[in-house]
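The values are calculated or read from the model by the stated rules, or taken from the named source; none is laboratory data. In this text the structure is predicted, and so the values were computed from the model without any measurement. Backbone-built Cβ (ideal geometry, glycine too); neighbour counts: all protein chains shown.
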Amino acid sequence: MKKKIVAFGEVVWDMLPNEKVLGGTPSNLVFRCNSLGENGFLLSRIGDDDFGNEALDKLKELNISDDNVQLDTEFPTGTVHISFENDYDSRYIVTPDVAFDHIEFSAEALKLVRNADCLFYGLLPQRFGLSKNTLRELLKESPKSIHFFDLKLFEHFFDVIVVERLLKSSNLVRIKEKEIDFLSKELGLKNDDLNTFCLNLCKKYKIDLILITRGHNGVFAFHHSKGAFHDSGYQIEVKDNVGSGMAFCAGFLHYYLDKKPIQVALNFGNAAGALNTTKLGATSYFDKKDVLDFMKNTPKNQ
């Protein structure tokens, strides 16, 4: 049976060096969940402007429903300026105070999350009061859903109080390995190795499972009672890594929500993320069979 995955947060235009593409962590996750056979739903807000109209057209093209995409007559559609640094690492500069910062708590939003299998959210829409308060209410009203916090850091925004509140509300957390040193310092956690960091994070905030994405080194997971899991990286030619984290998350959820073993879910998610990096952008289409073929035919790093 298809699982219902609701992604809360930003819809933005990614302003790349040579073009603009529709992006945002939640919309990328929904696209990839849908391509893997699940029911992804986007809960966001765009401006009543040209960028907003273009966004609606693009969502339709990507087969992402706009039923829960609110329209804002005061604040503009979000934009993110992206540049690429060494090892294809991307740098994001996000325009402040835009429509997705003002997502309203509504009867429609409440209905959407109450029977969701998973409610997914990130840090970026927590910059201002309205979206922050809306998510707080949605978390309260979805106690049976898996609460998945994508703790990806953004330049110019980090609030320890907000991060700790979200960690305490989450069952599942995804973190980039390169950001662990910063998080350890800000959260007051020991960081001798991945196991120590994850164990302390689980204990302090009562988190069930932590996922660590490690770039070309693959992925790592730590369950509060089952311990550590890992899967090594693939030998691939990288085109770009935009959307690879969401491909990993969608792939992991595809098996995890179906009660498959953590290692099985981790392996599939790792492959989905790696496959995504061999393509341009976050919304190049591939399905479950493509991921399984990739797993079968692509060598791994030793």
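Every condition in (1) touching a residue at least 60 places away in the same chain (Cβ under 8 Å); (2) within 29 Å of TYR256 (Cα to Cα); (3) surrounded by fewer than 16 Cβ atoms within 10 Å (Cβ to Cβ) holds for GLU61 except the one numbered (1). When LEU139 is tested against (1) hydrophobic (A, V, I, L, M, F, W, C); (2) in contact with a helix residue (DSSP H, G or I) (Cβ under 7 Å, 6 or more places away or on another chain); (3) closer than 24 Å to ASP72 by Cβ; (4) modelled with pLDDT of 95 or more, just one condition goes unmet, and that condition is (2).
Look through LEU194, LEU138 and report the one residue that is within 22 Å of ALA274 (Cβ to Cβ) and touching a strand residue (DSSP E or B) at 6+ places or on another chain (Cβ under 7 Å).
Working: LEU138 fails: within 22 Å of ALA274 (Cβ to Cβ).
Exactly one residue qualifies, and that residue is LEU194.
Given the condition farther than 21 Å from ASN270 by Cβ, surrounded by 15 or more Cβ atoms within 10 Å (Cβ to Cβ) and among the charged types (D, E, K, R), answer yes or no: does some residue in region 174-184 qualify? Checked against the condition, which is being farther than 21 Å from ASN270 by Cβ, surrounded by 15 or more Cβ atoms within 10 Å (Cβ to Cβ) and among the charged types (D, E, K, R), region 174-184 yields no hits at all.
Of the residues that make up region 275-294, is at least one closer than 25 Å to TYR205 by Cβ and modelled with pLDDT of 95 or more?
Taking region 275-294 first, the residues closer than 25 Å to TYR205 by Cβ are none.
The answer is no; no qualifying residue exists.
Listed residues ILE236, ILE212, ILE262; which is of a type in the set (Val, Ile, Thr), in contact with a His (Cβ under 7 Å, 6 or more places away or on another chain) and touching a residue at least 12 places away in the same chain (Cβ under 8 Å)? So that I can check it myself, show each step before the final result.
On the way: ILE236 fails: in contact with a His (Cβ under 7 Å, 6 or more places away or on another chain); ILE212 fails: in contact with a His (Cβ under 7 Å, 6 or more places away or on another chain).
It is ILE262.
Residues of region 103-110 include at least one that is part of a helix (DSSP H, G or I), under 20 Å from the mean Cα position of the chain (by Cα) and crowded, with 19+ Cβ neighbours inside 10 Å. Out of SER142, SER184, SER170, one residue alone is assigned to a helix (DSSP H, G or I), among the small types (Gly, Ala, Ser) and either on the phi < 0 side of the Ramachandran plot or in contact with a Leu (Cβ under 6 Å, 6 or more places away or on another chain) (or both). It is SER184. Restricting THR95, THR73 to residues that are more than 18 Å from the chain's Cα centre (by Cα), modelled with pLDDT under 95, among the hydroxyl-bearing types (Ser, Thr, Tyr) and over 22 Å from GLY273 (Cβ atoms) narrows the list to THR95.
How many residues does region 13-54 hold that are of a type in the set (Gly, Ala, Ser), at pLDDT 90 or above and either part of a strand (DSSP E or B) or on the phi > 0 side of the Ramachandran plot (or both)? Walk me through how you get there before you give the answer.
Looking only at region 13-54, we keep the residues that are of a type in the set (Gly, Ala, Ser), and these are 23-24, 27, 35, 37, 40, 44, 47, 52.
Retained after the next criterion (residues that are at pLDDT 90 or above): 24, 27, 35, 37, 40, 44, 47, 52.
Keeping just the survivors that are either part of a strand (DSSP E or B) or on the phi > 0 side of the Ramachandran plot (or both) gives 24, 37, 40, 44, 47.
Summing the residues that are of a type in the set (Gly, Ala, Ser), at pLDDT 90 or above and either part of a strand (DSSP E or B) or on the phi > 0 side of the Ramachandran plot (or both) in region 13-54 gives 5.
Select from region 36-54 the residues that are over 26 Å from LEU292 (Cβ atoms), within 17 Å of the chain's Cα centre (by Cα) and either small (Gly, Ala, Ser) or surrounded by fewer than 22 Cβ atoms within 10 Å (Cβ to Cβ) (or both) and list them in ascending order. Within region 36-54, just SER44 meets the criteria.
A quick yes/no check of all residues on (1) surrounded by 18 or more Cβ atoms within 10 Å (Cβ to Cβ); (2) under 30 Å from LEU167 (Cβ atoms):
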site	(1), (2)
CYS198	yes, yes
LEU211	yes, yes
HIS230	no, yes
CYS249	yes, yes
PHE286	yes, no
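Residue count for region 251-284 satisfying the condition of being more than 21 Å from ASN39 (Cα to Cα), polar (S, T, N, Q) and crowded, with 17+ Cβ neighbours inside 10 Å: 3.
It is to be established whether one or more residues within region 2-14 are crowded, with 16+ Cβ neighbours inside 10 Å and either among the acidic types (Asp, Glu) or free of Cβ contacts under 8 Å to residues at least 12 places away in the same chain (or both). Outline the logic, then answer.
Restricting attention to region 2-14, the residues satisfying the condition of being crowded, with 16+ Cβ neighbours inside 10 Å are 3-14.
After this cut, where a residue has to be either among the acidic types (Asp, Glu) or free of Cβ contacts under 8 Å to residues at least 12 places away in the same chain (or both) as well, the list is 10, 14.
There is at least one residue in region 2-14 that is crowded, with 16+ Cβ neighbours inside 10 Å and either among the acidic types (Asp, Glu) or free of Cβ contacts under 8 Å to residues at least 12 places away in the same chain (or both).
I'd like the full set of residues that are assigned to a loop (DSSP other than H, G, I, E, B) and either in contact with a Cys (Cβ under 7 Å, 6 or more places away or on another chain) or at positive phi (or both), limited to region 244-272. Selection gives LEU257, LYS259.
Scanning region 216-243 for residues that are within 25 Å of GLY24 (Cα to Cα), in a strand (DSSP E or B) and either more than 18 Å from the chain's Cα centre (by Cα) or of a type in the set (A, V, I, L, M) (or both) yields VAL219, ALA221.
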